[in-house]
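Following: one structure in structure tokens, then a few remarks.
Values in this text are rule-based calculations from the coordinates and carry no lab data. Small disclaimer: the values here were computed from a predicted structure and weren't measured. Don't worry about glycine lacking a Cβ; one is built from the backbone with ideal geometry, like all the others, and counts go over all protein chains shown.
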Ligand SMILES: [Zn+2]
């Protein structure tokens, strides 16, 4: 799994949902986001979130979405499901029509199973272009980037570093990038505890 390897993600684009939109109305809030599911660690991640009463946003690759995945539980426990495309391509390498097909198919598959409108999209690898934003407007979804990457995908042997990557870069309105990985599951209780120790609250997208 290769995604952008910067902990702090800088964006100049004004169109995508970013941390500062959260800070307008709320103070000291952060959002946990989990990419690349639904996977086998999802039930245990949900257990931790439930124990700690923390809401989160899950951006799913719809090629992995079998109807038996616990999507109902995700919604019932107050989380949000967004799209992370069907097959996780680099959208910048695709023509408008291909991007439209990739994004719309993913949104439709999620909606057909879940029965609710899907409003948020996270571009694979955090990569997008003007066509992506045009498609998203067309299909009524909003791009959601992150402000703090945990780098969890590189830290299989060092889950404690997932916590320190996030906590040392935390800021008001931070959107935190995590994945449905075993090391992330291991680090999650401590991550939540340490974020709370810094007096932040967990919220969902605007
Ligand atoms: Zn991804």
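Please give the calculated 222 nm ellipticity per residue for the chain, where each DSSP H segment of at least 4 residues contributes -39500 (n - 2.57) and the sum is spread over every residue; nearest 500 deg cm²/dmol?
Taking each H run of at least 4 residues, the total per residue is -11000 deg cm²/dmol.
Please order 40, 122, 63 by the number of other Cβ within 10 Å, starting at the fewest.
On the way: 40 10, 122 26, 63 13.
So the residues, fewest neighbours to most, are 40, 63, 122.
Listing 131, 47 from the residue with the fewest other Cβ atoms within 10 Å to the one with the most, what is the order?
Ordered from fewest to most neighbouring Cβ atoms within 10 Å, 131, 47 come out as 47, 131.
FRET efficiency for residue 201 and residue 98, Cβ-Cβ distance as r, R0 = 35 Å, nearest 0.05?
Approximately 0.30, to the nearest 0.05.
So in the chain, what percent of DSSP beta bridges are antiparallel if you round to the nearest 5?
5
Give the angle, between 0 and 90 degrees and rounded to the nearest 10, that separates the Cα long axis of helix 42-52 from the longest principal axis of the Cα atoms of the chain.
With rounding to tens, the tilt is 50 degrees.
Over the chain, calculate the relative contact order: mean separation of alpha carbon pairs under 8 Å at least 6 apart, over the residue count, as a percent.
34
Tell me, what is the Rg over Rh of the chain, with Rh the Kirkwood radius over Cα pairs?
Values: Rg = 15.9 Å, Rh = 17.0 Å.
Dividing the radius of gyration by the Kirkwood radius yields 0.94.
With angles folded into 0 to 90 degrees, how steeply does helix 182-197 sit against the dominant principal axis of the chain? Use alpha carbons for both and round to 10.
Roughly 60 degrees between the two axes.
In what order do 86, 29 fall by count of nearby beta-carbon atoms within 10 Å, going from fewest to most?
29, 86
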